[in-house]
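The next block holds one structure in the form of structure tokens; read it before the comments.
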Amino acid sequence: MSKIFDAIAMGELLIDFTMNGQSEQGNNMFEACPGGAPCNVLAILNKLGKKTAFYGKVGKDMFGTLLRDTLSDVGIDNSHLLEDKEINTTLAFVHTFPDGDREFSFYRKPGADMMLTEDEIDADFLTQARLFHFGTLSMTHDGVRAATKKALKIAKDNGMLVSFDPNLRPPLWSSLDLAKEQMEYGFGCCDILKISDNEIQFVSGKEDYDEGIAYLQDTYHIPLILLTMGKDGSRAYYNGMRVERKGFSCKTIETTGAGDTFCGSSLNYILEHDFDNLTEEQLGEMLTFANAAAALITTKKGAIRSMPEKEEVLELIQGK
């Protein structure tokens, strides 16, 4: 059966307010950047020519309207972006450090993205995609957790590829034990796991990345694990192979969206190849492209509207 979409992602869609200088009066100025990890992943997939759709909830407010219009502008299907009339759109204020790293202050007590419910999940729509992507921010609270788990079951029952990026944000969890528990649920459901260096140490309790990945492989039998190591590059663990590629250096402004860009670029490659028979050479090619795309996103503010063109990525790889 042919599918309408290459990928559907579910989760948080929010506004990242990033610092953008000071006014004449000396007040901090913030830029309202549409964001949210699952949709960032879709944005790069879309840029690379894939058909995508987003499933989530925003508030009936100016920010919800901005997000709906943004999805429309970049070509992501927003037919299942639902609206909450009571709860406002989730906001995140991003503080960037001199090295480009950042910390977040979230306005989400509650936020509209948490209000998605189990009975709002449309199985007929979800199964129109080849791949389902999710993270843990749609698993922080009971209602949206039930919705996410229902969507996951539908995806698994219908033989869709399932991609998972935990995207750990400690301030949004009532406890880190609950965060770990939901991450473990995700590990048990996914075919493709994208995990960062600090997350693998958090869930496995092991300092050594390879040992941490081995623990996940032994426990959950995940076919493909992608490990991101910031500027140091990335690794793929697949079918007994361990492939590593170096990162690319660019003039970093902020790192928001780098992991999501890496993830979406990798998923794009997987959608174009035979997932059950990837070679070492193909894994290397996938990592190189994803590393370069992730490096480029750090040279701009925000993520959804800042995704690099395929040509830009190839030029960086070729050293032009």
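The values are calculated or read from the model by the stated rules, or taken from the named source; none is laboratory data. Keep in mind that what you see is a predicted model, and the values were worked out from it rather than measured. Neighbour counts run over all protein chains shown; Cβ positions are idealised from the backbone, glycine included.
Structure data summary
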read-out	value
Long-range neighbours under 6 Å by Cβ, at least six apart or interchain, first residue within 19 Å of Thr261 (Cβ to Cβ) within the range 156-183, second small (Gly, Ala, Ser)	Phe164/Gly186; Asp165/Gly135; Asn167/Ala37; Asn167/Gly135
Listing of strands (runs of 3 or more DSSP E) fully contained in the range 1-44 that carry 2 or more residues being in contact with a Lys or Arg (Cβ under 9 Å, 6 or more places away or on another chain) and at pLDDT below 95	14-22, 28-35
Number of positions in the range 178-212 that are under 18 Å from the mean Cα position of the chain (by Cα), assigned to a loop (DSSP other than H, G, I, E, B) and of a type in the set (D, E, K, R)	1
Filter result (touching a Gly at 6+ places or on another chain (Cβ under 8 Å) and in a loop (DSSP other than H, G, I, E, B)) within the range 113-169	Leu116, Thr117, Thr136, Pro166, Asn167
Selection count where residues are assigned to a strand (DSSP E or B), within 19 Å of Cys189 (Cβ to Cβ) and of a type in the set (Ser, Thr, Tyr), scope the range 224-275	2
Test: residue in the range 247-266 that is within 30 Å of Pro98 (Cα to Cα), at pLDDT 95 or above and over 17 Å from the mean Cα position of the chain (by Cα)	yes
When residues of the range 49-63 are limited to those that are part of a loop (DSSP other than H, G, I, E, B) and touching a Leu at 6+ places or on another chain (Cβ under 9 Å), the one farthest from Ala147 (Cα to Cα)	Lys50
Conditions (1) surrounded by 17 or more Cβ atoms within 10 Å (Cβ to Cβ); (2) within 22 Å of Asn239 (Cα to Cα); number of the one not met by Ala155	(2)
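Okay, residues lined up against (1) modelled with pLDDT under 95; (2) under 24 Å from Lys47 (Cβ atoms); (3) surrounded by 15 or more Cβ atoms within 10 Å (Cβ to Cβ):
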| position | (1), (2), (3) |
| --- | --- |
| Ser79 | no, yes, no |
| Phe97 | yes, no, no |
| Asp113 | no, yes, yes |
| Asp119 | no, no, no |
| Ala123 | no, no, no |
| Leu126 | no, yes, yes |
